[in-house]
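Take a look at the structure set out below.
What follows is calculated from the coordinates using simple rules that are stated; it is not laboratory data. As the structure is a prediction and not an experimental result, all values here were calculated from the model. We place every Cβ from the backbone using ideal geometry, glycine too, and count neighbours over all the protein chains shown.
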Amino acid sequence: MRRIAIAALMAAAFLMGGCSIVKYSFSGTSIQPDVKTVTINFFEYKALKVNPTLSNDLTEAMKDKFRKLTRLEQVEMDGDLELSGAITGYDVRAAAVTANEVAAMNRLTVTASLKFTNKKYPEEDFEKSFSAYSEYDSTNPLDAVEASLCEEIVEKLVEDMFNASVAQW
């Protein structure tokens, strides 16, 4: 009986010894306890095809995500974490072609770059490109569906960028 108790204690000590101090939350983030602030810079628009509201929509959606799912205080500059980036691609292409070689579905794809800087833990820094798309029936003109497609795409991009930066997926 005593051997089992000792073995259990040793196993627990071994498992605990391998753990680092990382703050986990129900939102799935893994932010170190000494990281207190975040700066989310405006995402510039660098794509050739112009969408005048997309930069602002992406920036505000990212700020909302951090506000809702982290304990970090958002500051204008010099945050412990800093996110900056740009929208680098905005493309429409045929996604499905009919037997008559006509596009049945089109795909709007948005590509964004993200530079993530962790001033307290620089080993977590990265620069990465993210891409998301949404498809629509080609009988609809892009102008008619663009707002709803962009809303869906921004949601996907923000989720991916958030996960890469503070959820470390």
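General observations
- Diffusion coefficient, µm² s⁻¹, Stokes-Einstein with Kirkwood Rh over alpha-carbon pairs of region 35-167 at 10 °C and 1.306 mPa s: 101 µm²/s
- Region 25-98: trypsin sites (Lys or Arg not before Pro) falling in loop per DSSP and having at most 16 other Cβ within 10 Å: Lys36, Lys46, Lys49, Arg71
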